[in-house]
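Trainee: For reference, the structure I am asking about is given below.
Only the coordinates and a few stated rules stand behind these numbers; no lab work does. As the structure is a computational prediction, the values presented were derived from the model and not from experiment. Please note: Cβ atoms are built from the backbone with ideal geometry, for glycine as well, and neighbour counts cover all protein chains shown.
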């Protein structure tokens, strides 16, 4: 087994910017001298180039995402310029609006199913509205019928007095 060992002298030469040096002011160069041949110092660009391409790709992607989000929020504002009225209703107003949308009458269990509140909260709100005279509750077996004024069932109304001549 023959092993050849070759040695070569490597000398790093730097051309400086001192007066009288090689090059003009502000230039500097690094060179490698190997066995009487002068080579410019070469940098391995593989990892640096990959990192640079990655950074540029991330910058481009973030620019696209920012532009998309700005246009999406602008289009959302243009599509629905008016705020929805149900967003600004109190709980009492929501219950009254729900009953109004269902013909002025609605079972209490249907109100509970329509809103995302507990049975106790709906019952408490209806009791407050009934005390204020804004709704009327009628017991139908095991259920309550909630009515707006003027929408009560005819059987629950008091008979009207005939007019006397």
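Trainee: Sorted from fewest to most neighbouring beta carbons within 10 Å, what does the list 45, 117 look like? Intermediate values should be presented prior to the final figure.
Mentor: On the way: 45 9, 117 16.
Ascending number of Cβ neighbours within 10 Å: 45, 117.
Trainee: Still on this structure, I have one more. For residue 69 and residue 128, what does the FRET efficiency come to when R0 = 45 Å and r is the distance between their Cβ atoms, rounded to the nearest 0.05?
Mentor: Efficiency at R0 = 45 Å is approximately 0.55.
Trainee: Could you sort the peptides 59-68, 138-147 by per-residue average Cβ neighbour count (10 Å cutoff), highest mean leading?
Mentor: On the way: 59-68: 10.0, 138-147: 13.5.
Taking the mean over residues of other Cβ atoms within 10 Å, the ranking is 138-147, 59-68.
Trainee: Note down the nm distance, to one decimal, between modelled labels 7 Å out along Cα→Cβ at residue 94 and at residue 115.
Mentor: Here the answer is 0.7 nm between the modelled labels.
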